[in-house]
Structures are given as structure tokens and as C-alpha cells.
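**Student:** Starting off with a structure, shown below.
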Amino acid sequence: MNHYPHIFAPGKIGSVEVRNRTVMSAMGTNMSDHGFVNDAIINHYVERAKGGVGLIIIEVTCVDTPLGLNTVNMLVADDDKYIPGLAKLAAAIHAQGAKCFLQISHTGRGARRKNIGAQPVGPSAVAMPFSYMMGFGNEEPRALTIEEIRTIEDKYAAAAVRAQKAGFDGVELHACGYYMGQQFLSSTANIRTDEYGGNPENRSRFYTNIIGKIREACGTDFGLVVKQAVMEAGEQGGITMEEGMFYANKFLTAGADGIEVMGGSWKPVPDIDDIPSTADKPGRMLGLSAVVRKAVLSMPGEKKNPVFIGGGRTYLPSLAEEALAEGKCDFIFMGHGLLAEPHLVEYMEQDRCGEARPCIGCNLCADDQLSYNRHIRCSCNAVLGNGENDYTMEPAAVIKKVLVVGGGIAGMEAARTAARRGHKVTLVEQNDHLGGQLDYAVAPPYKDNLKQLYPYYEKQLELNGVEVLLNTTADEAYVASRKPDAVIWACGVRPAVLPIPGFEKPIVSSAKEVLLGKTVGSHIVIIGGGVVGCETAELLLQQGKTVTIVEMLDTLAGKMAATTRSILMGHLKGHELKTYMECACREITDNGVVIEEKDGKKTEIVCDDVLISIGDKPNNELCERLKSLVPEFYNIGDSDKPDSFAASSSAGYYTALGL
């Protein structure tokens with residue numbers, strides 16, 4: 001039975017026939033070998049094609065090295081030497097029944113000197129007003145000459161020709177994400193007064209010229225879509241909705257087959273910024289797509305059956321089906337959800353979405369590569385960015401009796417994976433429910449997306465036959481009585497102790513206790529400005545409390561993903577949060593805390609409650625004694641080294657894979 005007839009109806013983008021209405025948006029992986037396609041990239045896209053996606057738009061690909069590079073491992077298509085690898089990629093995707101476009105782009109003024117070895121270039125000598133993703137630079141660029149602009153236009157067309165020669169079904173022009181395409185369209189980045197600036201008509205010329213050159217070189221049967229920021233939000237101004245719709249119409253009348261409708265902002269804005277986060281709602285840009293589609297279809301100019309691709313956290317098939325049925329869009333784009341779960345479309349078609357690994361919106365996938373120049377990663381999918389060759393697990397050569405101790409992320413992932421390989425797995429948890437540190441992570445504002453992990457893991461453990469024992473403490477006697485072949489210890493953390501006078505006073509609680517609902521007074525001091533401390537502050541500020549954070553470092557929440565951190569900092573900025581940076585807490589009194597600033601000055605802060613948020617220590621006291629009781633023993637996750645969800649998930653997965 002077809003539960004979602006609109007999603008799984010065939011469609012066309014120009015002359016390109018697509019098996020269903022799902023599109024994988026272009027998302028960089030940073031996995032290329034100096035611009036060349038490799039096996040990891042092929043594995044990455046083939047798995048999504050196997051998973052049922054109709055059209056895959058391959059990640060952002062540079063048309064002009066080195067000036068157009070964003071990261072050093074970005075795909076490149078500015079030379080014929082890249083065609084064989086691209087051809088291998090296209091053929092592998094086609095073999096799974098999906099179609100593929102190549103997204104071609106230039107980073108423009110957002111390029112970083114350390115990556116390109118020169119001053120960045122852009123429409124005008126106007127620096128990026130922000131660098132919140134840190135992969136973008138904010139050095140003032142050199143303004144391109146008209147001759148240079150026309151040369152770059154030719155390079156776009158040449159890259160499209162290479163994509164066509166490689167067997168791709170089309171290309172996508174990148175006009176959002178603060179890349180050069182968007183820079184030309186925005187009055188904040190493009191202050192030219194010649195034929196490429198000064199008004200919307202001229203600002204659109206860069207891409208209308210490129211569209212014309214691609215059509216001339218590749219013909220009308222070659223697919224051509226523009227991924228466009230139809231508006232920019234934020235205090236800096238930029239593209240208005242009226243301008244965005246004008247641009248979309250210009251691109252379609254110039255020969256584009258469709259528009260992938262995106263938002264944009266000069267600071268992270270939930271539901272508008274082109275990179276989603278935990279603060280965003282499902283289907284966050286479908287409303288934008290509906291408005292643009294209706295308006296542009298009624299605008300003058302010859303447009304040949306244009307399509308509009310809408311979406312934004314569209315992991316709910318009912319939402320996608322409704323959007324297509326109501327004409328909000330013609331195709332549905334999916335992004336981070338397909339990174340977390342390559343077979344999301346297949347699960348939709350089979351009405352089994354409860355089994356699909358969820359995307360929690362943490363933005364590790366974007367931030368890790370852009371901020372730190374690493375391969376793409378996912379907090380929930382350990383395989384992403386790790387060669388992508390472990391999706392099809394080999395059955396265990398020897399079936400083992402495995403005892404997993406601890407029901408947090410690491411333990412649940414280890415139990416799920418070990419059971420999938422055929423091992424006999426028992427998972428024991430001392431509390432009355434699974435989750436571990438997840439209980440604290442879902443408590444702050446805007447973290448509802450993380451709650452998806454509870455039913456996901458419960459379903460996975462059930463489907464894979466894991467015996468789950470709650471309210472069970474695994475001490476030495478218990479482990480010995482179970483006689484396991486292997487023990488995976490994933491018992492998380494215990495609170496760190498602050499070695500100062502007054503730490504045991506009644507005025508003191510942990511920030512995590514407050515996240516779980518403990519009542520506190522009106523004036524609060526939080527010792528520690530990491531992620532937990534800042535999210536606790538956000539929760540209390542929303543409750544109308546007066547909050548002060550004391551932090552030893554010079555940055556709040558420094559280990560948080562950059563885009564998500566920017567949103568959190570924006571929320572905190574909207575309240576009267578008091579901070580003492582580069583300060584140490586020296587004493588806790590009955591009335592508050594005594595802190596020492598970096599100049600040695602001591603200050604007493606009066607408050608009702610002191611909340612400790614200085615991190616945790618591994619809960620590993622039993623490990624050495626347990627090792628002697630079993631043939632194999634593994635200490636993983638936070639109980640080995642307190643870290644992130646991604647580290648815990650990866651530890652659980654790869655430990656179980658090695659059993």
C-alpha cells in the first residue's frame with residue numbers, strides 16, 4: 001500500500017524524470033582527496049540512493065580553485081582531470097535508480113586566506129559581517145573586475161559541461177549559504193554601481209548570465225536548478241522577499257528548471273537561516289516555499305514548467321505529503337535527516353519512520369567540517385564521515401553473550417549494534433528508564449528534537465531482541481552471575497567536586513538538578529559557563545530569574561557547535577545575564593559566592609542558590625575489578641572519557657562492531 005501517494009509519485013525537473021518527489025539537498029562532506037571523488041564519497045551517496053531518494057544533489061563543488069574554495073577538501077570541477085571520478089560517482093548513483101545533479105559554486109568573499117593562499121574576492125570590497133560558522137572568513141575581499149566576473153561565469157559553464165560529460169543529469173547553482181551567488185544578489189554584499197549592481201536587475205545578472213551560458217553549452221535537456229535564498233533576515237538587512245521573488249522569476253525565465261527555496265540571514269535565525277538547528281520546527285521552510293511558488297508562477301515571463309523544491313526538517317512524511325498535496329512545493333528537499341538516516345525515504349515508503357535514526361538538529365555535520373576542517377560527522381550516525389562502508393554489517397563470526405552496563409547513548413548504541421550482528425545482548429540500567437545523560441540534554445529550551453532518541457532506541461532494542469533490565473545495579477557479584485563473554489561498561493559520569501570552602505553548604509546544587517526540575521530562588525549564580533551552565537541559565541532566565549555566570553575561560557559554551565552556540569548566545573543576549581569571565585570561585589558562603597577576578601580582585605556575589613556546572617568525572621571505579629571477571633571488557637563513552645553525544649554514539653557503535 002502506498003501510504004504517501006504524492007511523495008512517491010514520479011516527477012520531472014525540466015526533462016529529467018525522477019522516480020519520486022524526494023531530493024537530497026547538497027551538503028558538503030569535506031571528504032574529497034584534494035578535490036577528487038574517492039570511495040568514501042561514492043559510498044556516502046550510493047547509500048542514500050539505495051535508501052530511495054529520487055534526486056541527489058551532490059555537495060558544493062568548486063568552479064575556480066583556489067579562490068573559490070571553502071574547505072581544503074571541497075570537491076572541484078574546474079579541470080577535466082576531475083571528470084573520471086565524477087563519472088564514477090554518477091554511474092554508481094544511477095545504478096541504484098536515483099538521478100543526480102552537481103552543485104557548482106564559488107565561495108567568494110567568504111573564503112579564508114589560509115585555505116586559498118590569497119585575499120578573497122567578491123562582488124564588492126565588503127567583508128562578511130559575521131563568521132558564525134567559522135568556515136567562512138571575514139577578511140575584506142578584493143572587488144572583482146567586470147572581466148574577472150565574466151571569466152568566473154565562464155568557469156561555471158565549463159564546470160556544468162564537465163558534469164554533463166561525467167553523466168550527471170543536471171547542475172544546481174548555489175545562491176544561498178553566503179556563497180558568491182548570494183553575495184551578488186544581496187545589497188549588503190554587492191554595492192557595485194555598474195552592470196552587476198545597483199538594483200535587483202543588475203544584481204541578478206551574474207546568475208542569469210551563467211544560466212544562459214550553461215544552456216548554450218549543455219542544451220535545454222540538461223537539468224538546471226538554483227538553490228536560492230529568497231530572503232535575508234537580521235539586523236544587517238539584505239534580500240527582501242520582493243527581491244527574492246523577482247530573482248527567482250529572472251532565473252526561471254533565463255532558463256532554469258526550478259528553484260530550491262531557502263531562507264538566509266546575517267545572523268542565525270531559527271526557521272529562516274539556511275542551516276537548521278535544534279530550535280527549528282519540522283517543515284520550517286514549507287511556508288516560504290508556498291508563498292514564493294504562488295507569487296512567482298503568476299509573474300510575467302516565459303517559464304517552462306518550473307518546479308519549486310521546498311522543505312526544511314521534513315522528516316515527517318505526513319508533513320511532506322500535505323505540502324505536496326496542497327501545492328506548497330513540487331518536490332521535497334531533505335538534508336540533515338538523510339545524513340542521520342540514509343534510508344529515511346525507504347522508511348517513509350514502508351510507513352516505518354519509527355525505525356529511522358533521527359536527526360536531532362545539533363549541526364555537528366555542518367560545524368565540524370566548516371569550523372574545524374574535519375570530515376563530516378553526525379551525533380547519531382557513527383558511520384557518517386568514517387569511510388561510509390559499515391552500513392551493511394557483517395554477522396558476528398562467533399556469537400557471544402554480551403552484557404552492556406548503562407543505558408545512555410553509548411550503551412544503547414552498543415547494545416543495538418551488537419544485537420544486529422547476532423550477539424545475545426542484555427542491557428542493564430540502574431534507573432527506571434533508559435537515557436542516561438540524555439535526560440539532561442532534553443531539558444533546556446528548544447531541545448525537543450533530542451527527545452526523538454528515546455523512542456528510537458527503545459524501538460531498536462526491541463526489534464533487535466535486546467533484553468533490557470531496568471532498576472538493576474551491575475556490581476561485581478551481578479556481573480559474575482551473568483557469566484558474559486563480553487562486558488561493555490557504559491555507566492556515564494558522576495559530578496565533579498569543586499575543592500573550595502563551602503562546597504557542601506545547603507545553598508549549593510548542581511545545574512543538572514535544576515534541569516530536572518529542582519526549584520531554586522530568584523537570584524542564581526552558576527559556577528561554570530560551559531554548555532550545561534549556559535543552557536541552565538537560559539532556562540532560568542526564561543523563568544524570570546536573575547542569573548550570573550562565573551567562568552574561568554574567556555568564552556561561554558566554547559565547545560558547542562558554532563551555529564547552535566550562536567543561537568544560544570542570541571537567546572542569552574536577550575536577557576539581563578550577568579557574566580564574570582576569566583574568574584575563579586574561591587569560596588561559597590551562606591549568602592553567595594566569593595570570586596577572584598584575573599587582576600586578583602575578590603568580589604562577593606549575593607544569591608539565593610549556587611549551581612555547580614564544572615563538568616563531570618568518569619564513573620569507572622569498578623572497571624579494573626570487573627576486567628578480571630570476564631574474557632572481554634570494554635569501557636566506553638563518558639565513563640571512559642566525558643565527551644559529546646557523537647563520541648558516545650561512535651564508541652558504542654564501533655566497540656560493538658569489533659566484538
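**Student:** I'd like to know if segment 601-622 contains one or more residues that are modelled with pLDDT of 95 or more and within 25 Å of the chain's Cα centre (by Cα).
**Tutor:** Within segment 601-622 (the criterion being modelled with pLDDT of 95 or more and within 25 Å of the chain's Cα centre (by Cα)), the answer is no, since none of the residues qualifies.
**Student:** How many residues are in a helix (DSSP H, G or I), over 23 Å from the mean Cα position of the chain (by Cα) and touching a residue at least 40 places away in the same chain (Cβ under 8 Å) if we restrict to segment 288-322? Lay out the reasoning, then the answer.
**Tutor:** Restricting attention to segment 288-322, the residues satisfying the condition of being in a helix (DSSP H, G or I) are 288-297, 317-322.
Then drop every residue that is not over 23 Å from the mean Cα position of the chain (by Cα), which leaves 290-297, 321-322.
Filter again for touching a residue at least 40 places away in the same chain (Cβ under 8 Å), leaving 291-292, 295-296, 321.
Adding up the residues that qualify gives 5.
Quick grid of which residues meet (1) in contact with a His (Cβ under 7 Å, 6 or more places away or on another chain); (2) at pLDDT 95 or above; (3) closer than 20 Å to ALA160 by Cα:
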position	(1), (2), (3)
THR22	no, yes, no
HIS44	no, yes, no
VAL63	yes, yes, yes
ALA92	no, yes, yes
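**Student:** Right, something else. Wholly within segment 543-632, which strands (runs of 3 or more DSSP E) include no fewer than the required count, namely at least 1 residues that are of a type outside the set (Val, Ile, Thr) and either without any contact (Cβ under 8 Å) to a residue 12 or more places away in the chain or touching a Ser or Thr at 6+ places or on another chain (Cβ under 6 Å) (or both)? If you could, list the steps in order and put the result at the bottom.
**Tutor:** On the way: elements: 546-551, 578-581, 584-588, 592-596, 602-606, 609-612, 616-618.
Strands (runs of 3 or more DSSP E) meeting the threshold: 578-581, 609-612, 616-618.
**Student:** How about segment 547-567: which of its residues are under 26 Å from THR603 (Cβ atoms) and not small (Gly, Ala, Ser)? Quick ask: steps written out before the conclusion?
**Tutor:** If we filter segment 547-567 for residues that are under 26 Å from THR603 (Cβ atoms), which is where we start, we get 547-558.
Within segment 547-567, VAL547, THR548, ILE549, VAL550, GLU551, MET552, LEU553, ASP554, THR555, LEU556 qualify.
**Student:** Among the residues of segment 196-223, write down those that are in a loop (DSSP other than H, G, I, E, B) and not hydrophobic (A, V, I, L, M, F, W, C).
**Tutor:** Residues of segment 196-223 that are in a loop (DSSP other than H, G, I, E, B), as a first pass: 196-199, 204, 219-222.
Listed by number, the residues that qualify are TYR196, GLY197, GLY198, ASN199, SER204, GLY219, THR220, ASP221.
**Student:** Sticking with this structure for a sec: For PHE633, which of the numbered conditions (1) of a type in the set (Phe, Trp, Tyr); (2) at pLDDT 95 or above; (3) buried (at least 20 other Cβ atoms within 10 Å of the Cβ) fails to hold?
**Tutor:** (3)
**Student:** Here is a follow-up. Among the listed residues THR563, THR603, THR536, THR589, identify the single one that is outside the structural domain of GLY264 (by TED's automatic domain parsing), among the polar types (S, T, N, Q), crowded, with 17+ Cβ neighbours inside 10 Å and more than 27 Å from PRO129 (Cβ to Cβ).
**Tutor:** Values: THR563 fails: more than 27 Å from PRO129 (Cβ to Cβ); THR603 fails: crowded, with 17+ Cβ neighbours inside 10 Å; THR589 fails: crowded, with 17+ Cβ neighbours inside 10 Å.
Exactly one residue qualifies, and that residue is THR536.
**Student:** Go through segment 552-579 and count every residue that is under 13 Å from VAL531 (Cα atoms) and in contact with a Phe, Trp or Tyr (Cβ under 7 Å, 6 or more places away or on another chain).
**Tutor:** 2
**Student:** Right, next: I need every pair where a residue in segment 86-105 that is crowded, with 23+ Cβ neighbours inside 10 Å has its Cβ under 6 Å from the Cβ of a residue that is among the charged types (D, E, K, R) and part of a strand (DSSP E or B), sequence separation at least 6 or different chains.
**Tutor:** From residues that are crowded, with 23+ Cβ neighbours inside 10 Å, the pairs are PHE101/GLU172; GLN103/GLU172.
**Student:** Say whether the condition of being at pLDDT 95 or above, more than 14 Å from LEU461 (Cβ to Cβ), outside any strand (DSSP E or B) and of a type in the set (Asp, Glu) is met by at least one residue in segment 432-444.
**Tutor:** Scanning segment 432-444, I find at least one residue that is at pLDDT 95 or above, more than 14 Å from LEU461 (Cβ to Cβ), outside any strand (DSSP E or B) and of a type in the set (Asp, Glu), so the answer is yes.
**Student:** Being of a type outside the set (Phe, Trp, Tyr) and buried (at least 24 other Cβ atoms within 10 Å of the Cβ) is the filter here; which residues of segment 145-161 pass it?
**Tutor:** Start the filter on segment 145-161 by keeping residues that are of a type outside the set (Phe, Trp, Tyr), which leaves 145-155, 157-161.
Within segment 145-161, ALA159, ALA160 meet the criteria.
The values are calculated or read from the model by the stated rules, or taken from the named source; none is laboratory data. Note that the coordinates shown come from a computational prediction; the quantities given were computed from them, not determined experimentally. Neighbour counts run over all protein chains shown; Cβ positions are idealised from the backbone, glycine included.
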